1. Identify all residues within the stretch 163-196 that are open to solvent by 30 Å² or more (accessible area, probe 1.4 Å) and under 15 Å from D236 (Cβ atoms); write none if there are none.
2. Just checking, how many residues over the stretch 293-315 are without any contact (Cβ under 8 Å) to a residue 40 or more places away in the chain, of a type outside the set (G, A, S) and assigned to a loop (DSSP other than H, G, I, E, B)?
3. Scan the stretch 113-143 for residues that are more than 16 Å from ligand 2 (Cβ to nearest atom), open to solvent by less than 20 Å² (accessible area, probe 1.4 Å) and within 25 Å of Q164 (Cβ to Cβ) and report the count.
4. Can you run down the residue pairs with Cβ atoms below 7 Å, 6 or more apart or on separate chains, where the first is in the stretch 319-338 and within 19 Å of T220 (Cα to Cα) and the partner is surrounded by 22 or more Cβ atoms within 10 Å (Cβ to Cβ) and among the polar types (S, T, N, Q)?
5. Residues of the stretch 236-254 being away from ligand 1 (no atom under 12 Å from the Cβ), within 17 Å of A161 (Cβ to Cβ) and open to solvent by less than 40 Å² (accessible area, probe 1.4 Å), which ones?
6. How many residues does the stretch 96-111 hold that are within 16 Å of ligand 2 (Cβ to nearest atom) and among the small types (G, A, S)?
7. Kindly state which strands (runs of 3 or more DSSP E) lie completely within the stretch 1-101 and contain at least 3 residues that are away from ligand 1 (no atom under 13 Å from the Cβ).
8. Against the conditions (1) away from ligand 2 (no atom under 12 Å from the Cβ); (2) more than 17 Å from E304 (Cα to Cα); (3) not aromatic (F, W, Y), where does E230 fall short? Just the number, please.
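The values are calculated or read from the model by the stated rules, or taken from the named source; none is laboratory data. Because the structure is a prediction, the values reported are computed rather than measured. So basically every Cβ, Gly included, is an ideal-geometry build from the backbone, and we count neighbours across all protein chains shown. Accessible surface areas use protein heavy atoms only, side chains included; no ligands, DNA or RNA. Shrake-Rupley method; radii C 1.70, N 1.55, O 1.52, S 1.80 Å.
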Amino acid sequence: MVHSSPAGRTKTLSILGSTGSIGVQTLDVVRDHPDLTRINWLTTNRRIEDLERQALEFSPKGVVIADQQSAETFRANTRFKGRILSGHAALEEAAADADNDLLMSALVGFSGVRPTMAAMNAGVDIALANKETLVSAGEPMMRAAATNGINIYPVDSEHSALAQCMVGESSTAIERLILTASGGPFRRHSLQELQHATCAQALKHPNWSMGSKITIDSATLMNKGFEVIEARWLFDVDAARIDVLVHPQSIIHSMVQYVDGSVKAQLGLPDMKLPILYALVAPERVATNFERMNLADIATLTFEAPDYERFPCLRLAFDALAAGGTATAIVNAANEIAVAAFLQEKIAFMDIPRLVDAALNKIVNIADPSLDDIFAVDAETRTFVSSNIQA
Ligand code: NAD
Ligand code: MG
């Protein structure tokens, strides 16, 4: 179905990570709403066959392939006639292109910090999926957004829900943010069972189909901890006023409680295309043919408190946010190395929080860090955790 743009203006959009789960779903939305956006740059790390298909379909100005070897293979075989750039600096060039109105930031992990910052410094609005950038570098990123007068539109379903609940409200009227969590595949597992949780089990998320890194983060609840940190920066609400509530059906995507006690919630079927579309057009809405929710069929919405003992990553994220400085960058870097090792079956599931905790205890926290401090701490943490895995 083809729908038209609400304001009649087409935005020029570039996508960092167009071959990933969010990138592909963004292009699905773009395909269904051709008046909304014109694709400017598409990027991948190594998935060059997917990139080839996307480039031929959406005719961007250019593509970036971060991995140099993959870029050589692509250049030798492609039928794409636009610009072809390679390497990490080229991601920054694409992100900061003066023709961009909006950048979909959908790389995984810390790799998104430099290109997302480059876009902000060039005055490009951001649709933010890559939450690890705010976890690692929240303060410098929010400062760059304010200095350059750019908008950040959240793509994460919880933060999209919070933003939708805040339309028409004053920020001073907000009392608490309530982030909902599915609880992941191990919601009912005992601590004993979690010690033996396998990679295959952890990769089976009950409600969402996502990239492998965020799927593991959802199983440890580190993803929810990251979302608390993300909410703190996006909405300028301190951690003491952010709650996590386990809601296994993933129908309520999050809630805002106001000073008069009223609570607003945003509901919908779990489908990332809705928050992606909203990030492209907010605060307007466009008609879609997405499946509609039937609450009579769903019948029951349930809620429970999170268990910090079985899911220590959630507690570690709250603690790091309270500690401030580079503590959240340490958690992010340690978690990236630990999750990669778990995906390669080199460590056990409960080694993930153990390694993050060890890094928080070992690496010196720097107060009021510059971006350079954050890059140094990120590198130091990776080295420390990697050496702990090999030992
Ligand atoms: P993914 O692994 O499916 O895709 C990642 C993309 O980034 C791919 O295009 C890949 O080629 C590229 N990439 C990965 N590492 C790179 C590197 N070092 N350099 C350059 N390019 C690189 O991941 P995803 O599930 O789409 O998640 C993307 C981001 O969105 C993550 O931060 C995740 O937490 C967040 N997010 C995802 C979902 C979801 O439903 N998938 C929901 C909410 C938030
Ligand atoms: Mg989320």
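1. Once the filter is applied, which keeps residues that are open to solvent by 30 Å² or more (accessible area, probe 1.4 Å) and under 15 Å from D236 (Cβ atoms), the stretch 163-196 yields M166, E169, S170, S171, T172, E175, R176.
2. So the answer is 3.
3. 7
4. Taking only residues 6 or more apart or on different chains, the pairs are A320/T328; L321/T328; T328/S136; A329/S136; I330/T381; N332/S136; A333/T381; A334/T381.
5. V237, I242, V244, V246, H247, P248, I251, I252, S254
6. Residues in the stretch 96-111 being within 16 Å of ligand 2 (Cβ to nearest atom) and among the small types (G, A, S): 3 in total.
7. Result: 11-16, 37-44.
8. (1)
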